[in-house]
Amino acid sequence: MSKQVKYFCEMTFDYPIKDKQRQLDSFIKQMFNRTQSMFRYDGLPETIPQIYLERYLQVYGHCIITKANNDLYAFWGGFAGIPDVYYNPTQYVVSNVALNLYKTFDIDKDCVLCRNDSNIQGLSFIFKKYGCLLVENTLTIYSLLKTARASLLLSATDDKTKKECDLFIDKLESGDIYCIGENPFFEGVKVHSTMQGSAGLINQFIELEQYIKASCLNEIGLNANYNMKRESLNSAESALNDDFLIPLIDNMLACRKDFVNKVNNMYGTNITVELNSAWLTNKLEDIKQDSLANNDIDTANLEAEIDTLEQTITDEIEPETTQDEPDNQDEPETTQDEPDNQDEPETTQDEPDNQDEPETTQDEPDNQDEPETEKDKDNEN
């Protein structure tokens with residue numbers, strides 16, 4: 001048995017559910033794994049992997065793009081210098097051991113400042129807030145599950161009765177039917193309920209967990225509409241939820257487009273950035289709803305506009321696929337070979353002696369020319 005298989009077979013039940021810090025760290029990392037695909041960049045240099053650029057932006061809220069050793073890099077560091085009139089940072093300090101780089105850069109002169117959002121906050125605070133709520137709620141559910149095992153407590157007045165209680169519980173656990181034959185047992189045993197008024201508590205905290213998760217996803221622009229009311233949502237309530245999803249993501253996209261344009265102008269690159277994955281789908285749906293709600297939109301052309309936008313999105317999401325299919329470009333050769341169908345036209349041009357038939361049909365009417373036809377036949381013989 002391999003070590004890996006042996007490891008999975010011997011895993012012990014030691015999940016650190018009571019370790020709040022580990023639970024919180026795990027939740028935050030899971031959320032960042034989801035948001036890594038929020039944007040799609042084209043034209044990034046090989047020295048700036050998208051995963052690290054987005055990690056700096058989403059975790060810390062900022063980074064810079066600058067040249068080092070004749071290549072472009074994204075660095076995370078700290079602000080320095082005297083703020084400008086609007087209290088924006090003017091310098092950025094970088095310390096990178098791998099490149100032996102220890103330097104203070106002047107923003108917009110030696111480097112481009114990249115912001116995750118207008119306030120340079122990142123997503124860490126959002127994930128930490130909801131992560132703390134989820135950890136506490138998970139521990140509450142865990143405690144309720146534990147105490148639910150003892151919905152009733154038995155108390156005994158003497159040792160003999162206690163032994164009978166222990167034997168009774170053991171028999172129940174093993175699935176045996178046990179008969180108690182002494183009346184004093186019932187006189188000496190008292191039953192106490194531990195679940196009075198708490199029968200529905202577990203369901204309430206499960207609903208609360210779903211609500212916290214949905215609220216966190218809504219914060220980052222994903223539609224996970226879970227409300228605490230048990231009735232279905234009407235269209236107005238759904239629209240309110242959709243309006244809540246968009247602003248932060250639009251702000252993050254605008255900040256990325258801004259620093260991408262600055263990088264292109266400063267270093268002559270051709271980098272672009274757009275929404276990606278589920279965020280792109282949500283944006284498309286929002287555009288559709290706005291178009292349908294706007295009476296000024298020509299409904300006759302709406303379908304064509306939506307189809308065009310969907311095609312644009314498909315091209316943006318699957319650029320690599322359309323470039324890899326190419327061997328489809330060889331198919332055209334097949335389609336050119338098929339055409340030996342193009343030779344058929346020649347056949348159709350040879351047939352046209354069918355076009356001479358009309359002349360024949362015109363000659364036929366003058367059946368008087370039949371003798372000439374017979375002469376022709378003799379000549380052919």
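The values are calculated or read from the model by the stated rules, or taken from the named source; none is laboratory data. Since the model is a prediction, treat every value here as computed from it, not as a measurement. A quick note on method: Cβ atoms are made from the backbone with ideal geometry, for glycine too, and the neighbour counts reach across all protein chains shown.
Name, by its number, the condition in (1) charged (D, E, K, R); (2) out of contact with any Cys (no Cβ under 9 Å at 6 or more places or on another chain); (3) assigned to a strand (DSSP E or B); (4) over 30 Å from Gly221 (Cβ atoms) that does not hold for Lys67. Here Lys67 clears every test but (2). Checked against (1) at pLDDT 95 or above; (2) under 29 Å from the mean Cα position of the chain (by Cα), Phe79 passes all but condition (2). Screening Lys128, Lys103, Lys146 for residues that are farther than 19 Å from Val273 by Cβ and assigned to a strand (DSSP E or B) leaves exactly one candidate, Lys103. In this structure, Val85 qualifies as surrounded by fewer than 13 Cβ atoms within 10 Å (Cβ to Cβ) and either in contact with a Gly (Cβ under 9 Å, 6 or more places away or on another chain) or in a loop (DSSP other than H, G, I, E, B) (or both).
For beta carbons closer than 8 Å, sequence separation of 6+ or different chains, a first residue in region 201-229 that is at pLDDT 80 or above and a second that is of a type in the set (Gly, Ala, Ser), the qualifying pairs are Ile202/Ala148; Lys213/Ala224; Ala214/Ala224; Leu217/Ala224; Asn218/Ala224; Leu222/Ala278. Here Gln121 fulfils each of the conditions (1) more than 19 Å from Gln36 (Cα to Cα); (2) at pLDDT below 95 apart from (1).
For beta carbons closer than 7 Å, sequence separation of 6+ or different chains, a first residue in region 46-74 that is free of Cβ contacts under 8 Å to residues at least 24 places away in the same chain and a second that is crowded, with 19+ Cβ neighbours inside 10 Å and not acidic (Asp, Glu), the qualifying pairs are Gln50/Leu44; Tyr52/Ala74; Glu54/Phe39. One residue stands out in region 88-128 among those that are at positive phi and in contact (Cβ under 8 Å) with a residue 12 or more places away in the chain: the one that is surrounded by the fewest Cβ atoms within 10 Å (Cβ to Cβ), namely Asp108. Taken over region 114-125, the residue count meeting the criterion of being in contact with a helix residue (DSSP H, G or I) (Cβ under 7 Å, 6 or more places away or on another chain) and not in a loop (DSSP other than H, G, I, E, B) is 3. Within region 30-60, the set of residues being surrounded by fewer than 19 Cβ atoms within 10 Å (Cβ to Cβ), of a type outside the set (Ser, Thr, Tyr) and within 15 Å of the chain's Cα centre (by Cα) comprises Gln30, Phe32, Asn33, Arg34, Gln36, Arg40, Ile51.
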